[in-house]
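Beneath this line is the structure, given in structure tokens, with notes to follow.
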Amino acid sequence: MTSCFEGTAFCIHTFGCQMNKHDSERVAGMLEGLGSLPVETIEEADIVVFMTCCVREAADTRLYGQVASMKNIPVRDGSPLLKRYIAVGGCIGQRDGEKLVEALPHLDVVFGTHNLASLPALLSDAVQRHGHSVEVIESADTFSSALPTAREHSWAAWLPITVGCNNFCSYCIVPYVRGREKSRPLEDIVEEAQRYVDAGVKEITLLGQNVNSYGRDLYGEPRFAEVLDAIDATGIERVRFATSHPKDLTDGVIERFGALRSLMPALHLPVQSGSNRILKAMNRRYTREHYLGLIEKLRAVVSDIALSTDIIVGFPGETEEDFMDTYRLVEEVGYSQVFTFIYSKREGTPAAKMEDDTPREVIQERFDRLVDLVQRKAYETNQAELGQVVPVLIEGTSKRDSTVLAGKSPKNQTVHGPVPTGRAAEQLVGTIVPMRIDEARTWYLSGTVVDG
Ligand code: 5AD
Ligand code: SF4
């Protein structure tokens, strides 16, 4: 079948989480299926797709600004469509629907989080009618994984096992734009994983807003530990997952860290706050003590497991004492990495109605103190790697220097090292090579390839 998109070029701008990045791979797969080719810049593209995020206000406002400024970019010479088509999908598409085309009349297509598969039809419709095509639906019957995918790297794959979220943390907009949690049948997951392994993929990252509750909707109880067993049995080299809610992390999953060859010794376990009062107001449904208990159990299984977390500073009503509870928790756990966020009010969430009178400067000062601590701790944690030989999955070369390899250790640390003499970087990309670590910085390690 020929399409009106044959010979066109597309580019995708992705904001936000791994789920969005994965959705972008699906969008790329569909557009390539229509005969469009990927390009790097908006200037070269006939179709520009924005995969958007509305978790915090900054990304939200930026999207509106970016799309508005596209009016001024001329159509590329020789464009078969004679115009540049702009589509907005993802979480802002889902939330704002028609409102987007009202605010941005030069926008052509809007789609949401549940109907990625409609994009080709919506684009064709916009081209044929020379008008807007907007479609946002409340939920979908099919998992987007049934769609073709253009994976960014041949050696790594994201594999969604759940979509949506039932947790309604009081600050978070995700449940409103991604819908209720839906798990994918175990057989489908395993079948997709096996296909990746057969195609030479080295690392699979299982995705979901809360992978730990996988299966509750399908099987009446969480079965995430079984997913890990089944994925391990495919023969995959490395498995990671994101993200985990502490209230649902089971002993079974913790045990798998010690038992499964493929499960990497790294866990992202968002704590959000170290204060029980704030955790309650956030509707997180665990306490600081429960969280620290999980860390203890994890370390009893893998003593040097790399832990990372998300923290929100300045939640409504956060006092200095609450903040210090968070600060001390970060000090105690010793995370390898912490993603720190300043609370951002999201209309429609329960927290948006909470009294919020802490001055901006106070919140910023807390944030800066926390970031200093996080950096100090990350630096200290990395020192333990000095002198160790670690298997590094080579992802490419350093952005700044093409003679320097860049890859990931099992603990998900970035590792840099010179391309060994007599070897080409391209040959090593996607392979796992042992490297001796001789320098440990805050955000990366440096080493030397030690294979023969
Ligand atoms: N403000 C600030 N940070 C937020 N996050 C989610 N919602 C908000 C908000 N309204 C953070 C949480 C979550 C991460 C993905 O984004 O820490 O874990
Ligand atoms: Fe948002 Fe909480 Fe769901 Fe995570 S678990 S997506 S923070 S509501």
Show the residue pairs that are 6+ apart or on different chains and have beta-carbon atoms under 6 Å apart, the first residue being within the range 321-346 and closer than 24 Å to ILE305 by Cα, the second being assigned to a loop (DSSP other than H, G, I, E, B) and at pLDDT 95 or above. ASP325/GLY274; ASP325/SER275; THR326/SER273; THR326/GLY274; LEU329/GLY274
Assuming ARG26 fulfils every condition listed in (1) in contact with a strand residue (DSSP E or B) (Cβ under 7 Å, 6 or more places away or on another chain); (2) closer than 22 Å to ALA117 by Cβ; (3) in a helix (DSSP H, G or I) apart from one, which condition is it? (1)
Would you mention how many residues in the range 180-200 are in contact with a Leu (Cβ under 6 Å, 6 or more places away or on another chain) and either in a loop (DSSP other than H, G, I, E, B) or within 11 Å of ligand 2 (Cβ to nearest atom) (or both)? 0
Which of the residues belonging to the range 326-338 are assigned to a helix (DSSP H, G or I) and crowded, with 16+ Cβ neighbours inside 10 Å? THR326, TYR327, LEU329, VAL330, VAL333
Has the range 400-418 got any residue that is in a helix (DSSP H, G or I), at negative phi and either touching a strand residue (DSSP E or B) at 6+ places or on another chain (Cβ under 7 Å) or modelled with pLDDT under 95 (or both)? no
Can you tell me which residue among ARG223, ARG151 is in contact with a strand residue (DSSP E or B) (Cβ under 8 Å, 6 or more places away or on another chain), among the basic types (Lys, Arg) and away from ligand 2 (no atom under 16 Å from the Cβ)? ARG151
In the list PHE341, PHE323, which residue meets the criterion of being closer than 18 Å to ALA281 by Cα, among the aromatic types (Phe, Trp, Tyr) and either surrounded by fewer than 20 Cβ atoms within 10 Å (Cβ to Cβ) or near ligand 1 (Cβ under 9 Å from one of its atoms) (or both)? PHE341
Only one of (1) part of a helix (DSSP H, G or I); (2) surrounded by 14 or more Cβ atoms within 10 Å (Cβ to Cβ) fails for LYS71. Which number is that? (2)
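Residues checked against (1) away from ligand 1 (no atom under 16 Å from the Cβ); (2) surrounded by fewer than 21 Cβ atoms within 10 Å (Cβ to Cβ); (3) more than 18 Å from the chain's Cα centre (by Cα):
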| position | (1), (2), (3) |
| --- | --- |
| PRO148 | yes, yes, yes |
| TRP155 | yes, yes, no |
| GLU187 | yes, yes, yes |
| VAL197 | yes, yes, yes |
| LYS202 | yes, yes, yes |
| THR205 | no, yes, no |
| ASN210 | no, no, no |
Would you tally the residues in the range 300-322 being out of contact with any strand residue (DSSP E or B) (no Cβ under 7 Å at 6 or more places or on another chain) and away from ligand 2 (no atom under 16 Å from the Cβ)? 11
Is there any pair linking a residue in the range 219-234 that is hydroxyl-bearing (Ser, Thr, Tyr) to one that is at pLDDT 95 or above and part of a helix (DSSP H, G or I), with Cβ under 6 Å and at least six apart or on different chains, and which? THR234/ALA193; THR234/GLN194; THR234/VAL197
Filtered residues of the range 159-179 (kept if among the hydrophobic types (A, V, I, L, M, F, W, C) and either modelled with pLDDT of 95 or more or part of a helix (DSSP H, G or I) (or both)): LEU159, ILE161, CYS165, PHE168, CYS169, CYS172, ILE173, VAL174, VAL177
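The values are calculated or read from the model by the stated rules, or taken from the named source; none is laboratory data. Values in this document were obtained by computation on a predicted structure and should not be read as measured data. Neighbour counts run over all protein chains shown; Cβ positions are idealised from the backbone, glycine included.
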